[in-house]
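Written out below as structure tokens is the structure these notes cover.
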Amino acid sequence: MAENEWLNKDFYKVLGVSKDASAADVTKAYRKLARKYHPDLNKSKEAEEKFKDISEAYDVLNNKEQRQKYDAIRQFGMGGARFAGGSGQGGFDGAGFSDVFGSMFGDGAGDGSRIRFSTSGGGQPGMDDIFSMFGGGMPGQGSRGRTAYREPQRPQRGEDRNSKITLTFRQAVKGATVSLSVDGRKFKTHVPAGVKNGQKIRLAGKGKPGTNGGRNGDMFLELTVREDPKFSLRGHDIVMALPVTVGQAVAGAKVEARDIDGETVTFKVPAGSSSGSEVRVSGKGVPGRGGDLVGRVEIRVPSKPGMALKRKAKEFDEESGDFLDELAQER
């Protein structure tokens, strides 16, 4: 906006702040209104015009030098600066006007002289002379000292970032706090429990900075989860192999094992369990997700059984009745 239009614009009223509002108050008010009237969020024509007004107001009030000029011009235009004739007949007293702007521009060249204005006609200062102090000019006065209209820049959201991190299986299951770095600055973030290999999580506001008051972009963190030799994840359940003997599988047994935290847990293996059967310890899966620790039964036998054990194994088969024939048919 050209400075010669400032007389007709109350930027403080547009943003809803007082004339002594701090820079932080101005920014806070602008962001609140921008969220309400931004064209990407509010498609009405009224919102589009409103957003232009608040952007113009923010451009001026958020700039210390521009705000000083605006306040001075508004004070002059609203009667804050008084014209008084040198002979008491309605002329202009340049010294009086210079007092209005003295605190901003100084009292002259340091020799005690005051700011001088050129006059036109009967001694009144031309408005183009007044606005030329601020780098602008009055409409219709030519190109001298005029500021071209500049379309206010809209807030632009920052670009997103992509990053990668590797977790141990336990970190993925239990959740973990990890350290990351962006543009040389380190920060910590929490990876939730139960994440999987290849999953991406969004870290709001950790992307590239926005411009013109726009919000920051986001970071998308791709996770690589190392495999564990003993445990795997299935939904919210943690699955592990549960080796048992033939006798434990046939007669049933309470079998102790260690969970992912190294703590002792007890599986109840029902009588007649076969390899591949699953037994559970409730609540020992992914924390807070209602998962279980699942033991997958694996019947193991000695790699070098003695003669007595072989004899008992044959007796076991003989006592199994038709079971051997049923297995033969399945094969």
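Remarks
- Using distinct alpha-carbon pairs, which all enter the 1/r mean, Kirkwood radius of region 193-233 in Å: 12.4
- Three semi-axes of the equivalent ellipsoid, region 146-211, Cα gyration tensor, whole Å, largest first: 38, 12, 9
- Sequentially through region 11-27, phi angles give Karplus couplings (6.51, -1.76, 1.60; θ = phi - 60°) of 5, 5, 5, 4, 8, x, 10, 7, 5, 9, 4, 6, 4, 5, 5, 4, 5 Hz, Gly and Pro residues having no value and appearing as x.
- Lys43 versus Leu324: modelled label distance in nm, points set 7 Å from Cα along the beta carbon direction: 7.8
- Counting only residues at least eight positions apart within a chain, or on another chain, the lysines with an alpha carbon under 27 Å from that of Lys45 are Lys9, Lys13, Lys28, Lys32, Lys36.
- ³J(HN,Hα), Karplus 6.51/-1.76/1.60, whole Hz, each residue of region 173-180, x for Gly, Pro: 6, 8, x, 7, 9, 10, 9, 10
- The 3J(HN,Hα) values that the Karplus relation (6.51, -1.76, 1.60; θ = phi - 60°) gives for region 257-265 are, in residue order, 8, 10, 7, 5, 8, x, 8, 7, 10 Hz. Gly and Pro appear as x.
Any read-out appearing in this document is the output of simple, stated calculations on the displayed coordinates, not a laboratory observation. Given the structure is predicted, the values throughout are model-derived calculations rather than measurements. Don't worry about glycine lacking a Cβ; one is built from the backbone with ideal geometry, like all the others, and counts go over all protein chains shown.
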